[in-house]
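All of the numbers you see were taken from the coordinates with simple rules; none came from a lab. Model, not experiment: these values are computed from the prediction.
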Amino acid sequence: MREVLHAVLGSHPAMTLLAALIEANLAASAAVLAVIALRRPARRLFGPALAYRLWALPPAAGLLALALFFVRSGPRPVADALAAYPGTVGAVLAIWAMGAAAMVAAFALAQARFAAELRAGRAGPAVVGLISPRIVMPPDDGAYTAEERELIRAHERTHVARKDPRVVAFTALAQCLCWFNPLAHAAGRLLRLDQELACDATVMLSRPGARGLYARTLLKTQLAATPLPLGCYWPARGRHPLEVRIALLSERRGPGGGGSVVRPAGEAIRP
């Protein structure tokens with residue numbers, strides 16, 4: 001790959017630096033495609049928790065590609081590019097910065113909308129905060145039974161225990177840095193779904209008899225979901241993610257996490 005990029009871009013310092021960034025992005029993108037291909041088989045054979053952990057591969061692949069570049073070349077290509085082609089490097093950085101700023105603004109707007117919903121008492125269930133996460137519960141207006149509210153708390157406590165809000169924040173940062181890469185945004189959406197599925201599975205391990213109640217609780221919270229870029233919230237908007245979560249609740253797994261899926265006749269759900 002390095003030789004192909006060198007042949008296409010040439011050996012100028014600015015192009016060498018660009019080649020390093022492209023190489024890192026391609027490595028991360030290849031890992032994203034691999035995870036997209038493996039997540040369903042991994043979930044089916046080993047359970048949702050392992051499928052969720054696969055999302056550590058794309059950032060690791062991108063960082064490894066960058067590290068290998070600097071191990072081979074040292075910091076000199078960066079310094080040479082800045083010294084020899086300040087205008088070119090500055091223009092590229094300016095375009096990238098504008099795109100990244102637009103993504104940050106979009107996330108900040110969504111976060112502000114969630115905060116407004118929270119102040120109005122219409123938010124939840126969710127986990128907000130990175131340093132000291134707190135659980136946001138739905139309004140206690142009688143819509144949920146005591147058992148349903150306890151299931152919600154168990155789900156959100158699992159997010160906090162696994163430090164899932166920090167994973168979401170890192171994912172949002174990666175989307176801002178790689179705003180030009182559609183696979184970064186696809187990965188962000190699928191990671192959140194796999195995160196929720198893993199959380200569902202963890203809760204059900206300690207409450208195997210509550211699957212029906214849990215599914216009914218999910219159906220109630222679907223209508224109340226509000227986008228939350230920096231935090232964990234129950235179902236993402238749209239019917240499809242909820243279908244996946246309900247389908248997973250119908251599975252019967254053995255000790256190894258595998259097993260066949262029991263669904264109504266004719267139902268086919270492809271996460």
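Details
- Extension gain, Lys220 back to Leu93 (0.36 nm per residue minus Cα-Cα distance, nm): 41.2 nm
- Applying the Karplus relation 6.51 cos²θ - 1.76 cosθ + 1.60 with θ = phi - 60° to the range 48-61 yields 3J(HN,Hα) values of x, 4, 5, 4, 5, 5, 4, 6, 6, 5, x, x, 5, 5 Hz, where x marks Gly and Pro.
- Residues with amide H under 5 Å from that of Val136, placed H, sequence gap 5 or more: Ala126, Val127, Val128
- Separation of alpha-carbon centers, the range 183-216 and the range 21-51, rounded to whole Å: 17
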